[in-house]
1. Assuming 0.36 nm per residue, please report the length gained on full extension of the stretch ASP30 to VAL182 beyond their Cα-Cα distance.
2. In the chain, what percent of the accessible surface is made up of carbon and sulfur (1.4 Å probe, ligands and nucleic acids excluded)?
3. Ignoring ligands, DNA and RNA, how do VAL35, VAL73 rank by accessible area with a 1.4 Å probe, largest first?
4. Looking at the chain only, what percent of DSSP beta bridges run antiparallel? Nearest 5 please.
5. Just from the alpha-carbon atoms, what are the Rg and Dmax of the chain in angstroms?
6. Residues with beta-carbon under 14 Å from that of ILE58, excluding ILE58: net charge, scoring Lys, Arg +1 and Asp, Glu -1?
7. Can you tell me the dipole magnitude for region 1-92 around its Cα centre, using point charges on the Cβ only (Lys, Arg +1; Asp, Glu -1), in Debye to the nearest 20?
8. What does the charge dipole of the chain about its Cα centre add up to, to the nearest 20 debye, if the Cβ of each Lys and Arg holds +1 and the Cβ of each Asp and Glu holds -1?
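The values are calculated or read from the model by the stated rules, or taken from the named source; none is laboratory data. Everything quoted here is computed from the prediction, not taken from an experiment. We place every Cβ from the backbone using ideal geometry, glycine too, and count neighbours over all the protein chains shown. Remember, those area values only see protein heavy atoms, side chains included, never the ligands or the DNA or RNA. Shrake-Rupley method; radii C 1.70, N 1.55, O 1.52, S 1.80 Å.
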Amino acid sequence: MSTVLTLSGSPSPDSRTSVLLRHTQEWLVDQEHEVLTLHVRDLPTSALLVANTEHPAIRHALGLVRRADGLIVASPVYRAAYSGLVKAFLDLLPDGALAGKVVAPLATGGTQGHLVAMDYSLRPMLSAMGADNLVPGCFVLDRLIQLAGEGGAMDSSALAAVHVALSQFGAALGARHRLPVVA
Ligand SMILES: Cc1cc2nc3c(=O)[nH]c(=O)nc-3n(C[C@H](O)[C@H](O)[C@H](O)COP(=O)(O)O)c2cc1C
């Protein structure tokens, strides 16, 4: 069992990214991982924007990152990049905070063409932060995620693609716990 932090960078209370993360959390629990959750929008804005890492809520959030073996970083695509909330929170992390952790980016967006935002925006930022075990992750079109109903819903094709991405994430987490064998 590993400990996984799911981080949502959507500012919306009714968020498709959060629906995607809810399915992600269900998958992680099914795989018997411990799941920690962080919605950056719930953090105190004033402390977040002035990088007050002594604020109890920010300290707690940074502690969640430290505890986690793996991170799922989920963002809506905003103006062909990740959201400002994702950036504001990740900028609080000390150098090397993601080193040795398995990290998967997830994104939702309205335009298939902005799938590339994962490659030229979210992934490079995570790499620059020292994420040395970065798995591919997944981009899901917003029209494949429904907000209606309790917890929302996802189209089965999108869910299948997310499960493939999560399987890669789970395999990388498993490999992290296996000791190298010299025979
Ligand atoms: C301010 C704003 C900017 C957006 N910019 C883009 C964009 O550049 N490319 C894109 O594919 N979708 C864009 N979208 C659509 C969102 O990424 C998409 O609807 C996403 O699923 C919203 O996630 P959320 O419900 O979790 O906030 C934008 C939405 C907003 C509100």
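1. Length gained between ASP30 and VAL182: 51.5 nm.
2. After summing per-atom areas, the C and S share lands at 53 percent.
3. VAL35, VAL73
4. Bridges in the chain are about 10 percent antiparallel.
5. 15.8, 55
6. Its environment carries a net charge of 0.
7. Dipole magnitude for region 1-92 comes out near 340 debye.
8. 280
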